[in-house]
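Remarks on the structure that follows.
The values are calculated or read from the model by the stated rules, or taken from the named source; none is laboratory data. The structure displayed is predicted, hence computed values, not measured ones. Note that we place each Cβ from the backbone using ideal geometry, even for glycine, and neighbour counts take in every protein chain shown. In case anyone asks, the SASA skips ligands and DNA or RNA and just uses the protein heavy atoms, side chains included. Shrake-Rupley method; radii C 1.70, N 1.55, O 1.52, S 1.80 Å.
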Amino acid sequence: MSLKRKIALNLSIAFSLLFGIVMTVIYISFNDFRRDEFKERFRQRLEFTSHFIAKSKDFEEEAPVFFNENSDNILLNETILIFNNKKELIYSTIKDKNVTWDDGLLQELDQKKVIYSEKTVPEIYAAVRNINGENYYILTSAFDTNGKSKLEYLKYLLITSYVMSTLLIGFFSYYFMGQFLKPLEDLNQEISEVTAHKLTTQIPVRNSNDEIDVLAQSFNTMIIRLNDVFQSQKDFTASASHEIRTPITRMAFQLENLIKFEQHSPETLSSLKQIQKDVYQLSDLTNSLLLLTKFDKENIQSIYEEVRIDEVIFESFEAVEKSYPKLKMDFLISENTSENALLTIKGIQSLLDIVFINLFKNAAVYSDNAEVDVLITETPSYLTVDVISHGDIIPEEEQTKLFEAFMRGNNSQNISGSGLGLRIVKRILEYHGAEIKYSSPANLLNKFSVIFNK
């Protein structure tokens, strides 16, 4: 998830939680206000009833007229029960029905004097009033239909507002985060375009004195230092490879002439041939390093060309055969390869030559019978070249480090080498978007598979 989305999401969640808490507080507060208001209306109604009883000359005759005229003025669906001092019902607003009540509530009134219950349906407000020297138990119940409907409507408004606000907060958070982080995205775009051939390119500084400008300035300082180090390394590798190649060529030429003389003893001739192999190996390594300094992963695709892989294989084998004349190659094309296969890939032939020269040299040095099998398989999606030789296999614990620099296995003891061959092979193939894998399909059988994506 991008930084913009993370910030927008976290900001939206934070505001949504805060807004949800505010909405909940509003709802609870309004419910408390509704309850207190309804309770106050209960109290006013009870006081109104008590005042009527106190002023009435004949309560039983005047009560029906009074409650009929004032039944819906204050409370909705109001029910009033009035008991005398002996807890006998003397008046009820319930007509044509059997009137029931809770005697326990009347007993409780003797102690508490006032009782309000909102948990019952309908809600109840009861009190004991001493009127004209006598106690009257007045029980009032009613439905707060108006308050409950307002509370439900408020809940609907709050939920709707919460959903809409959450969506709007999420949208505007993402939009404004995009605006705030746009300079950072521009900086990322500028940095992504910096390559080994563009290390001198400076990132634009907006002079806004914010953290992004500080980051851009620091990056510019860093790429200047990297350019100095990279250029020094590249110049050294190129100069050293070029300077070393000249004396190596002279040494190889002189050794060839020296070997042609017939006055050498067998031991001397064997030593001279071994030295010649070492010189050729050093020459190949120097040429490989010199070629690699000319290319990098970013610009190599611009100089790709169509290369026939079979031609690369035969030319590489001929180059190795000069040093290892006993080496034999069995070249095969897999049955899975279509008849219309062109056996071509896009790449640089000089670098691909190095890949297969190293693989053939390994086969020549480590093979038991100085034979190498090459199997090509081409499909619409990939082209695979399997280089198979017969000899001691590489242990599993060494296979993971096989393509590391200066890695030499147990089977290379008493055999000269630098340990850089397979590392250079892997690097060249990475430049071509290809990969190399080692496997041992059978005992004493080594297979290197070079896989090119089409």
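Miscellaneous remarks
- Enumeration of residues in the range 99-141 that are hydrophobic (A, V, I, L, M, F, W, C), farther than 20 Å from residue 51 by Cα and surrounded by 12 or more Cβ atoms within 10 Å (Cβ to Cβ): 101, 105, 106
- Conditions (1) part of a helix (DSSP H, G or I); (2) charged (D, E, K, R); (3) at pLDDT 75 or above: number failed by residue 129: (1)
- Between 181, 187, 106, the distinction of being farther than 30 Å from residue 46 by Cα and either outside any helix (DSSP H, G or I) or in contact with a Lys or Arg (Cβ under 6 Å, 6 or more places away or on another chain) (or both) belongs to 181 only.
Every residue, every condition in (1) in contact with a helix residue (DSSP H, G or I) (Cβ under 6 Å, 6 or more places away or on another chain); (2) at pLDDT 75 or above; (3) aliphatic (A, V, I, L, M); (4) open to solvent by less than 80 Å² (accessible area, probe 1.4 Å), yes or no:
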{"residue": "199", "(1), (2), (3), (4)": "yes, no, yes, yes"}
{"residue": "205", "(1), (2), (3), (4)": "yes, no, yes, yes"}
{"residue": "219", "(1), (2), (3), (4)": "no, yes, no, yes"}
{"residue": "226", "(1), (2), (3), (4)": "no, yes, yes, no"}
{"residue": "245", "(1), (2), (3), (4)": "yes, no, no, no"}
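- Scanning the range 427-449 for residues that are open to solvent by 60 Å² or more (accessible area, probe 1.4 Å) and part of a strand (DSSP E or B) turns up 435, 437.
Here's the yes/no breakdown for (1) more than 22 Å from residue 445 (Cβ to Cβ); (2) at pLDDT below 85:
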{"position": "350", "(1), (2)": "yes, yes"}
{"position": "367", "(1), (2)": "no, yes"}
{"position": "371", "(1), (2)": "no, no"}
{"position": "412", "(1), (2)": "no, yes"}
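- One residue stands out in the range 86-103 among those that are without any contact (Cβ under 8 Å) to a residue 24 or more places away in the chain and in a strand (DSSP E or B): the one that is farthest from residue 45 (Cα to Cα), namely 89.
- For residue 424, the stated conditions do not hold, so it cannot be described as modelled with pLDDT of 90 or more and either outside any loop (DSSP other than H, G, I, E, B) or closer than 18 Å to residue 310 by Cα (or both).
- Members of the range 82-103 that are closer than 26 Å to residue 35 by Cβ, modelled with pLDDT under 85 and of a type outside the set (Ser, Thr, Tyr): 94, 101, 102
- Pick from the range 109-126, criterion part of a loop (DSSP other than H, G, I, E, B) and touching a residue at least 40 places away in the same chain (Cβ under 8 Å), ranking: farthest from residue 32 (Cα to Cα): 122
- Number of positions in the range 318-338 that are open to solvent by less than 90 Å² (accessible area, probe 1.4 Å) and assigned to a helix (DSSP H, G or I): 4
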